[in-house]
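Data block below; observations after.
The values are calculated or read from the model by the stated rules, or taken from the named source; none is laboratory data. These figures come from a predicted structure and were not determined experimentally. Cβ placement follows ideal geometry from the backbone for every residue including glycine, while neighbour counts extend to all protein chains displayed. What goes into the accessible areas is simple: the full protein's heavy atoms, side chains included, and nothing from ligands, DNA or RNA. Shrake-Rupley method; radii C 1.70, N 1.55, O 1.52, S 1.80 Å.
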Amino acid sequence: MKNNQKVDIIASLLCIFLGSLLLIFPLMKYSNINTSFMTAMFGYSIIHSSKFILTKDTSNFESILKSLASLLVGSLAFMIKVGDSSLNLAILLFIWVILESLIKLKKADYYNDRNNKLWILEISFLAIFILMGILTAINLNYNSDIQILMLGYFFFTNGVLEFIDPIIITLTKESTNENRK
């Protein structure tokens, strides 16, 4: 396993931890949706900017673009105060889902250009991600505890999808190397 794949796995585990943290917030009687959403966005931004720095791959801009998208939406959440209206939270989450989807689509296009069958997997994960984002944005019309739980499930599942990706890439590369021998 290469260093880039190890960093990808660690970053995805941190995303799963971020989602788990959001799931624990209501149990600890913490229900500030503003702070929770900004924690998720800025945490996601820090994870992916660290991932970009640690991989030392200047040709791969996926992590830095994800970091910038999260930073942008987190900053907008700071200015708009998402706790004032569940519509504001849903719109900001949907903006983030759209930005992330465009980045994931670019990654799928990269695999398609290289005649790599992983583009089918990336498109499948993209469809699941978009569906999760839409369902989460629709279900943010409840009190702040439920909103935090919905965001927690969303970020947890997103982390799981990001965790599966480098593992499948590693397994497909190992099986191709074994077939060549």
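Remarks
- The equivalent ellipsoid that matches the C-alpha gyration tensor of the chain spans semi-axes of 31, 16, 15 angstrom, in descending order.
- Distance violations [Cα-Cα > 32 Å] among K51/K117; K56/K117; K81/K104; K56/K81: K56/K81
- Adding -39500 (n - 2.57) for every DSSP H run of four residues or longer, then dividing by how many residues the chain holds, sets the calculated 222 nm ellipticity at -29500 deg cm²/dmol.
- Projected area averaged over orientations for region 1-106, convex hull of C-alpha atoms, nm²: 7.1 nm²
- Most to least packed among 89-98, 71-80 [average Cβ atoms within 10 Å]: 89-98, 71-80
- Checking every one of the trypsin sites (Lys or Arg not before Pro) in region 1-97 against DSSP loop status and a limit of 15 other Cβ atoms within 10 Å picks out K2, K29, K56, K81.
- Candidate lysines - alpha carbon under 16 Å from K29, same-chain residues fewer than 8 apart omitted: none
- Long hydrophobic helices in the chain, taken as whole DSSP H segments with a C-alpha length of 24 Å or more on their own axis and mean Kyte-Doolittle hydropathy at least 1.0: 3-24, 62-80, 118-138.
- The portion of the accessible surface of the chain made up by carbon and sulfur, rounded to a whole percent, is 67 (1.4 Å probe; DNA, RNA and ligands excluded).
- Comparing Cα centroids, region 70-84 and region 11-67 end up 15 angstrom apart.
- Shape call, region 90-139: gyration tensor on alpha carbons, a/c limit 1.5: oblate
- Solvent-accessible heavy-atom area per residue, rounded to whole Å², over region 1-124 at 1.4 Å: 54 Å²
- Prolate/oblate/rounded label for region 118-173 (Cα gyration tensor, a/c 1.5): oblate
- Amide H contacts under 5 Å for S85, placed H, 5+ residues apart: none
- Order by protection proxy (mean Cβ within 10 Å, highest first), peptides 141-147, 157-163: 157-163, 141-147
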